[in-house]
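**Q** Here it is, the structure in full.
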Amino acid sequence: MIRAEHITKSFAGREVIRDISAVFEPGQTNLIIGRSGSGKTVFLKCLVGLLEVDEGKVFYNDVLFTGLDFKARKEIRKEMGMLFQGAALFDSMTVEENVRFPLDMFTDMSREEKSDRVNFCLERVNIVNSNHLSPAELSGGMRKRVAIARAIVLKPRFLFCDEPNSGLDPKTSIVIDELIREITVELNMTTIVNTHDMNSVMENGEKIIFIEEGEKCWEGNKDEILKSDCRLLNDFVFANALAKQLKESSK
Amino acid sequence: MFRFLAGFGSYWMLLGRVFARPEKHSIYYRQTVKELISLGLRSMGIVIIISFFMGAVITLQTAYNTENPIYPTYLIGLGARDSILLEFSSTIVALILAGKVGSNIASEIGTMRVTEQIDALELMGINSASYIILPKVVATVLFNPFLTLISIITGIVGGWIAGTAAGVITSQDYIYGIQYAFIPYYITYALIKTVVFAFIITTVSAYQGYIVEGGSLEVGRASTKAVVYSSIAILLFNVILTQLLLS
Ligand SMILES: Nc1ncnc2c1ncn2[C@@H]1O[C@H](COP(=O)(O)OP(=O)(O)OP(=O)(O)O)[C@@H](O)[C@H]1O
Ligand SMILES: [Mg+2]
């Protein structure tokens, strides 16, 4: 479980995140939605400690994470996996080396065990026969999928995904959503996903937090989202015509 | 001025993180070997070419500046040797490497920063400063003394070939000259300077790359800054070290 209390973060005097509190439960996919530039990435980076919060607290299973120093954070960090918005694969390594890297760094597995685990994770994200390519030789969507494989290779307890399906075709996008949901349940992970993809919201939204201009405007699940009367949320959710028609006809 | 001091402070703080205890030695060892090849071996070509031609030019210039019947020609060899040993193969080569290796380090690390690769390392609980920078420091501090020795040798060979080909000095005189009144300590002096300069180039450039914020434009700027600042630091330390080691 991850608990955020009153998170505030500003850059050069401009508040980007204002007083956001939320609880993220394990075994379910928690979504953070909001328009581009609303502060999703900044909020996620505050949660994992890549950005220092100005005010507020973050707890991991009731351990106050924001108060810890680098050394103490390290123990919690080993249980985290994160997919960055731009995938953030290591340029100097091949696909296989990228996924194997956390294993090399933190386990004493044998060569075979490592390569089995790497291949297993790569297969789960539908990357086959690409082990020896470098990240520059992959498409954007493939890079994302390799990055997911790297994020789950150590079976983390906390998984963070920053826009896992931006830049993917609808079909692959669904595969990725299913994958994230499956491993979340399988490993009982606390998963937090940033997205502005309504498809994944309707598929995966067991808990949804809507951020607008750095503030939490709404919280609920995928069934409640269609019925909400929060105007900003409706503007966001029903931005496309089809969805609007659906809402109209359901009334 | 304030910004300079703040930058200096965060440079030292970064160094503190770089020299924290490595987490897994086998991986650091592997990275160091990688860096020895990319930062060391790959610089050999440029060092050899430049040293050869500079040795040739130094010898010819010494010859033409000392054209004088009472001046024994073997002094040309001696003059060329000392210029190469004292200044060229340590300081000038370091400046050239600041351009080549420094910009390479800054743009590599800067790119890792803006593409969130450094964040990815930090998130895994890895000390990214140490993981990325320490192997580079170790590799250059170990390998650059070899580059300096190679530069000394090719420089002297270049002078010999140019001097005898132009007919300004005979082979015997040149070889006599480069051995005449030879002070072995000059080699030690050159190597000490090289080690300090290698440390400066690597850490200053790595710092510039590590603190990049923004995009590819800023990465380019960081690599320019890396070259400028490490060159200035080299020139400054050249004066300090010369005063300390030769006085
Ligand atoms: N390092 C930074 N320095 C200054 N401002 C920043 C920084 N990072 C983000 N911001 C600002 O914070 C705001 C929120 O950015 P953020 O990246 O969190 O948006 P987002 O919701 O993730 O958008 P997207 O969906 O496009 O990824 C933006 O206005 C951005 O300009
Ligand atoms: Mg974002």
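**Q** Which is surrounded by 24 or more Cβ atoms within 10 Å (Cβ to Cβ) and touching a residue at least 12 places away in the same chain (Cβ under 8 Å), of B:ASN144, B:ASN238?
**A** Result: B:ASN144 is the single residue among B:ASN144, B:ASN238 that is surrounded by 24 or more Cβ atoms within 10 Å (Cβ to Cβ) and touching a residue at least 12 places away in the same chain (Cβ under 8 Å).
**Q** Can you find, within region A:31-60, the residue that is most open to solvent (accessible area, probe 1.4 Å) among those that are part of a strand (DSSP E or B) and more than 16 Å from ligand 2 (Cβ to nearest atom)? Before the answer, list the steps.
**A** Step one: filter region A:31-60 for residues part of a strand (DSSP E or B), giving A:31-33, A:55-60.
Then keep just the ones that are more than 16 Å from ligand 2 (Cβ to nearest atom); that gives A:55-60.
On the way: A:GLU55: 119, A:GLY56: 31, A:LYS57: 97, A:VAL58: 0, A:PHE59: 30, A:TYR60: 5 Å².
Across region A:31-60, the extreme among qualifying residues is A:GLU55.
**Q** Another question about this same structure. Being touching a residue at least 60 places away in the same chain (Cβ under 8 Å), within 14 Å of chain A (Cβ to nearest Cβ) and touching a helix residue (DSSP H, G or I) at 6+ places or on another chain (Cβ under 6 Å) is true for just one of B:ILE109, B:ILE126, B:ILE169. Which residue is that? If you could, list the steps in order and put the result at the bottom.
**A** Numbers: B:ILE126 fails: touching a helix residue (DSSP H, G or I) at 6+ places or on another chain (Cβ under 6 Å); B:ILE169 fails: within 14 Å of chain A (Cβ to nearest Cβ).
Answer to the check: B:ILE109.
**Q** Any chance you could count how many residues in region A:31-52 are away from chain B (no Cβ under 14 Å) and over 24 Å from A:GLU178 (Cβ atoms)?
**A** Initially, region A:31-52 is screened for residues away from chain B (no Cβ under 14 Å), giving A:31-40, A:43.
Now drop any that are not over 24 Å from A:GLU178 (Cβ atoms), which leaves A:35-39, A:43.
Residues flagged as away from chain B (no Cβ under 14 Å) and over 24 Å from A:GLU178 (Cβ atoms) within region A:31-52 amount to 6.
**Q** Taking into account only those residues within region A:8-30 that are without any contact (Cβ under 8 Å) to a residue 24 or more places away in the chain and more than 9 Å from ligand 1 (Cβ to nearest atom), which is surrounded by the fewest Cβ atoms within 10 Å (Cβ to Cβ)?
**A** A:GLY13
**Q** Against the definition (within 14 Å of chain B (Cβ to nearest Cβ) and within 16 Å of ligand 1 (Cβ to nearest atom)), how does A:ILE208 come out, yes or no? Walk me through it before giving the result.
**A** Values: within 14 Å of chain B (Cβ to nearest Cβ): no; within 16 Å of ligand 1 (Cβ to nearest atom): yes.
Spelling it out, it is not the case that A:ILE208 is within 14 Å of chain B (Cβ to nearest Cβ) and within 16 Å of ligand 1 (Cβ to nearest atom).
**Q** A further question on this structure: Take the residues of region A:61-88 that are part of a loop (DSSP other than H, G, I, E, B), under 25 Å from A:CYS121 (Cβ atoms) and open to solvent by less than 10 Å² (accessible area, probe 1.4 Å): which is nearest to ligand 1 (Cβ to nearest atom)? Let's see the steps before the verdict.
**A** Residues of region A:61-88 part of a loop (DSSP other than H, G, I, E, B): A:61-62, A:65-69, A:78-79, A:84-88.
In the following step, the residues that additionally are under 25 Å from A:CYS121 (Cβ atoms) were identified as A:61, A:78-79, A:84-88.
Those left that are additionally open to solvent by less than 10 Å² (accessible area, probe 1.4 Å): A:84, A:87-88.
On the way: A:PHE84: 11, A:ALA87: 13, A:ALA88: 14 Å.
The extreme case among them is A:PHE84.
**Q** Does B:TYR210 meet the test of being without any contact (Cβ under 8 Å) to a residue 40 or more places away in the chain and crowded, with 18+ Cβ neighbours inside 10 Å? Spell out the reasoning first.
**A** Working: without any contact (Cβ under 8 Å) to a residue 40 or more places away in the chain: no; crowded, with 18+ Cβ neighbours inside 10 Å: yes.
Here the answer is no, as B:TYR210 does not meet what is asked.
**Q** Turning to a different aspect of this structure: For the list (1) touching a helix residue (DSSP H, G or I) at 6+ places or on another chain (Cβ under 6 Å); (2) modelled with pLDDT under 95, I need the number of the one condition that B:PRO72 fails.
**A** The single condition B:PRO72 does not satisfy is (1).
**Q** Additional query: Based on what the data block shows, is B:THR66 of a type in the set (Ser, Thr, Tyr) and either within 14 Å of another protein chain (Cβ to nearest Cβ) or surrounded by 15 or more Cβ atoms within 10 Å (Cβ to Cβ) (or both)?
**A** On the way: of a type in the set (Ser, Thr, Tyr): yes; either within 14 Å of another protein chain (Cβ to nearest Cβ) or surrounded by 15 or more Cβ atoms within 10 Å (Cβ to Cβ) (or both): no.
So B:THR66 fails the test.
The values are calculated or read from the model by the stated rules, or taken from the named source; none is laboratory data. Model, not experiment: these values are computed from the prediction. FYI the Cβ positions are ideal-geometry reconstructions off the backbone, even for glycines, and counts take in every protein chain you see. Heavy atoms of the whole protein, side chains included, go into the accessibility calculation; ligands, DNA and RNA do not. Shrake-Rupley method; radii C 1.70, N 1.55, O 1.52, S 1.80 Å.
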